[in-house]
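What follows is a single structure, written as structure tokens, with notes after it.
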Amino acid sequence: MKITRKTFDEVMFPCYTPMDMVIKKAHGVYVYDNKGNKYVDLTSGIAVNCLGHTPDGVQKVIRTASKNLIHVSNIFCNEYTLTLAKKLLHKTGYEKAFFCNSGAEANECALKLARRVAFEEYGEQKNEIISFANSFHGRTFFSVTVGGQDCYSDGFGPKPAAITHIPFNDIKTFEKTISENTCGVILEPIQGEGGILKADDEFLIKVRELCDKYHAALIFDEVQTGVGRTGTFFAYEQTPVKPDILTSAKGLASGLPIGAVLTYDRFAKHFGPGSHGTTFGGNALACAVGSYVVEKVSSPVFLNKVVEKSEYIKECVNRINKKYPLFDGIRCEGLLIGLVLDDAHKGMSGKLQKCCFKHKLLTLVAHGDVLRLAPALNIKKDKIDEAMKLLEESVKDFLSVQ
Ligand SMILES: *Cc1c(COP(=O)(O)O)cnc(C)c1O
């Protein structure tokens with residue numbers, strides 16, 4: 001069967017506009033299309049393939065585990081799922097885990113849990129959720145409505161209610177908004193899709209304090225920032241606070257679909273039998289890989305290297321930027337990196353991304369103003385050099401045609 005990029009337009013929902021190629025295979029940091037082109041990948045499947053593409057270790061876990069078990073549903077339990085739960089709880093100090101298949105599902109579960117806890121402990125009037133402008137929490141109707149970009153939730157009919165969006169890092173507005181009726185506050189400790197924007201420590205301290213005061217659950221969406229991405233296993237470890245409920249997904253199973261919600265007994269106990277569920281969630285195979293990923297990525301040696309490579313990329317980009325000025329700043333949170341376009345090139349991140357693609361470098365954007373990089377966490381220094389060479393050529397080319 002002849003498959004080309006045009007096939008996409010013929011057979012797929014048009015909700016994506018993928019680059020002009022069809023991927024055939026990928027290994028490590030390299031992606032190969034079906035015309036024989038080779039690309040250096042700084043996207044890792046949007047911060048998912050944390051150990052690179054098709055790593056041997058993950059292949060081996062899949063081979064071994066799949067001889068025993070692939071899926072059994074949640075009417076039974078299995079060793080792989082319980083092992084991953086134990087590992088995650090041990091690493092974080094939380095007491096209960098719930099597994100699902102994606103970031104949106106993890107947030108859906110966390111938000112439903114916040115509502116259910118408040119409903120059972122305080123009554124139905126306590127149902128308001130506070131979230132933040134430019135946040136992103138996934139695409140189910142609840143999670144996308146909670147997300148801070150109306151354009152993603154408009155036009156689908158009546159939205160889930162009692163959701164308030166306020167500016168990020170704005171203590172005064174938060175103080176005025178939270179009340180006895182707030183059941184939950186959800187935020188990304190570093191906004192990913194929003195442009196690699198970090199929550200201020202003072203802001204988080206205030207949010208934690210007022211969530212305690214008003215008995216609102218504090219939810220951290222660590223779908224993008226978790227699993228070593230920012231240099232610690234979870235990003236909250238670098239903040240002065242700890243959330244009541246934490247959501248994880250993306251890199252957790254290095255490319256297999258998985259999502260997780262971690263919390264304390266006092267919250268989890270409100271999800272009694274029948275209150276929530278999923279067919280695939282906690283799938284044995286995904287969890288087997290998840291356990292492998294957690295062991296690898298949570299080691300201090302591995303995490304230190306993430307920080308070192310982050311510094312190194314920052315140096316490289318600074319050097320490129322001196323030669324070909326294009327960026328106003330670099331937002332470097334471990335290997336979640338945002339290159340902020342200067343005033344003359346605001347809104348052009350998509351164009352720059354296309355120019356990188358032309359030079360066989362795969363990148364992400366975060367809105368119009370930020371080129372986002374999320375390389376594999378185990379990317380080697382010589383591969384970074386290779387990627388930076390391509391970035392330099394791309395930037396030079398981009399500036400010459402603007
Ligand atoms: C990617 C992302 C999600 C959504 O995850 P899916 O697996 O696409 O549902 C939610 N929150 C954040 C912060 C994300 O980066």
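What follows draws every value from the coordinates through simple rules; no lab data is involved. Being a predicted model, the structure only gives us computed values, none of them experimental. Cβ sites come from the backbone with ideal geometry, for glycine too, and all protein chains shown count toward neighbours.
Numbers for the structure displayed
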| item | result |
| --- | --- |
| Likely footprinting exposure, VAL306, VAL11, VAL261, fewest C-beta neighbours within 10 Å first | VAL11, VAL306, VAL261 |
| Taking the stretch 75-297 and dividing mean pair separation by its residue count, relative contact order in percent (alpha carbons under 8 Å, at least six apart) | 28 |
| Extension gain from TYR312 to ILE75, taking 0.36 nm per residue of separation minus the Cα-Cα distance | 80.5 nm |
| Percent of C-alpha pairs per 5 Å bin, the stretch 75-297, short to long | 1, 7, 16, 21, 21, 17, 11, 5, 1, 0 |
| Charge tally in the Cβ shell below 12 Å around TYR32, where Lys, Arg are +1 and Asp, Glu are -1, TYR32 excluded | +3 |
| Close Lys-Lys pairs in the stretch 1-126, where close means Cα under 19 Å and separation is 8 or more or interchain | 15 |
| Nearest 10 degrees, 0 to 90: helix 201-213 Cα axis against the chain principal axis | 20 |
| Label point distance in nm, SER400-THR279, each placed 7 Å from Cα along Cα→Cβ | 5.4 |
| Near-label residues of the stretch 181-204 by backbone N, under 13 Å of a point 7 Å along Cα→Cβ of LYS172 | none |
| Exposure rule at most 16 other beta-carbon atoms within 10 Å, DSSP loop GluC sites (Glu not before Pro): the chain longest free segment | 181-402 |
| Ranked THR263, THR17, THR173, THR247, criterion: other C-beta atoms within 10 Å, fewest first | THR17, THR173, THR263, THR247 |
| Förster-model FRET efficiency, 51 Å R0, LYS96 and LYS380, C-beta, rounded to 0.05 | 0.85 |
| Chain lengthening between ARG63 and ALA344 when straightened (0.36 nm per residue, less Cα-Cα) | 96.1 nm |
| Equivalent ellipsoid semi-axes - Cα gyration tensor, the stretch 142-227, angstrom | 21, 18, 12 |
| For ILE62, ILE171, order by how many other beta-carbon atoms lie within 10 Å, fewest first | ILE171, ILE62 |
| Paramagnetic reach from GLU209 (point 7 Å along Cα→Cβ, amide N under 16 Å) across the stretch 148-176 | 169-176 |
| DSSP bridge orientation in the stretch 75-297 - percent antiparallel, rounded to nearest 5 | 40 |
| Radius of gyration and maximum dimension Dmax of the chain, Cα, Å | 21.2, 62 |
| Cα centroid of the stretch 18-36 to Cα centroid of the stretch 72-139, whole Å | 35 |
| Antiparallel bridges, percent of DSSP beta bridges restricted to the chain (to nearest 5) | 65 |
